[in-house]
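No lab work stands behind these numbers, since they all come straight from the coordinates. Keep in mind that this is a model prediction, so the values were computed, not measured. Reconstructed Cβ throughout: ideal geometry from the backbone, glycine too, with neighbour counts over all protein chains shown.
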Amino acid sequence: MIGEWNNGTGRRKSSVARVFLKKGSGQIVVNGKDIQNFFGRATSIMICKQPLMLTNHAQTFDIMVNVAGGGESGQAGAVRHGITRALIDYDATLKPELSKAGFVTRDAREVERKKVGLHGARRRKQFSKR
């Protein structure tokens with residue numbers, strides 16, 4: 001907790017989100033823009049708000065987010081993870097509910113690296129018998 005702000009860091013793919021929340025009216029600001037303007041897809045906005053909807057705190061907090069790296073999907077997942085951690089920082093009794101929904105666990109899936117001699121991570125050159 002930093003002053004009156006509760007904070008949490010969320011990660012997903014190559015995105016990192018630093019989330020700060022305090023009591024307020026439910027306004028979410030991502031990188032200085034309203035969440036509606038920052039994320040183009042409604043799916044991304046819904047992913048970000050999932051922990052708030054689950055715990056019935058959608059209109060309870062003002063949230064400020066700094067997110068960097070990755071694309072829209074990864075950033076939305078990172079924001080969700082950060083909001084979850086900030087909510088737990090605010091009230092530890094929310095952790096079992098959030099954990100049961102799978103929001104506390106960091107999604108460890110990352111892009112597999114390209115290997116030498118292959119087209120991609122696993123794609124091989126076409127085999128020719130003759």
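Name the residues whose placed amide hydrogens come within less than 5 Å of the amide hydrogen of Gly26, ignoring near sequence neighbours (fewer than 5 apart) on the same chain.
Phe61, Asp62
With θ set to phi - 60°, apply the Karplus curve 6.51 cos²θ - 1.76 cosθ + 1.60 along segment 5-12 and write out the HN-Hα couplings as whole Hz, x wherever there is a Gly or Pro.
So the Karplus estimates, Gly and Pro as x, are 8, 9, 10, x, 10, x, 9, 7 Hz.
Using the Karplus curve 6.51 cos²θ - 1.76 cosθ + 1.60 with θ = phi - 60°, work out ³J(HN,Hα) for each residue of segment 63-69 in order, rounded to whole Hz, and write x for Gly and Pro.
Computed from phi, the couplings for segment 63-69 are 10, 10, 10, 10, 10, 9, x Hz.
Peptides 117-124, 32-39: what's the order by average Cβ count within 10 Å, highest mean first?
32-39, 117-124
Once phi is turned into ³J(HN,Hα) by the Karplus curve 6.51 cos²θ - 1.76 cosθ + 1.60 with θ = phi - 60°, what whole-Hz value does each residue of segment 109-122 show in order, with x for glycine and proline?
Couplings: 5, 10, 5, 6, 6, 6, 9, 5, x, 10, 6, x, 5, 10 Hz.
Note the angle between two axes, namely the Cα long axis of helix 72-90 and the longest principal axis of the Cα atoms of the chain, as a number of degrees from 0 to 90, rounded to the nearest 10.
Value to nearest ten degrees: 40.
Where in segment 90-108 does the amide nitrogen come within less than 18 Å of the point 7 Å from the Cα of Thr60, taken along Cα to Cβ?
90-104, by backbone N distance to the label point.
Report the gain in length on full extension from Ser25 to Met53: 0.36 nm times residue separation, minus Cα-Cα distance, nm rounded to one decimal. Display every interim value, and only then the final one.
On the way: separation 28, 0.36 × 28 = 10.08 nm, distance 1.42 nm.
Using 0.36 nm per residue and subtracting the Cα-Cα distance, I get 8.7 nm.
In a shell of Cβ-Cβ distance under 12 Å around Glu4, excluding Glu4 itself, what net charge do Lys and Arg (+1) and Asp and Glu (-1) give?
Net local charge, Glu4 excluded: +1.
Rounded to the nearest 10 degrees, what's the angle between the helix 42-54 long axis and the longest principal axis of the chain, both from Cα atoms, 0 to 90?
With rounding to tens, the tilt is 50 degrees.
Determine which lysines satisfy two conditions relative to Lys23: a Cα distance under 22 Å, and not lying fewer than 8 residues away in the same chain.
Lys33, Lys49, Lys95
Can you bin every Cα-Cα distance in the chain into 5 Å intervals starting at zero and give me the percent of pairs per bin, rounded to whole numbers?
2, 11, 19, 22, 15, 9, 5, 4, 4, 3, 2, 1, 1, 0, 0
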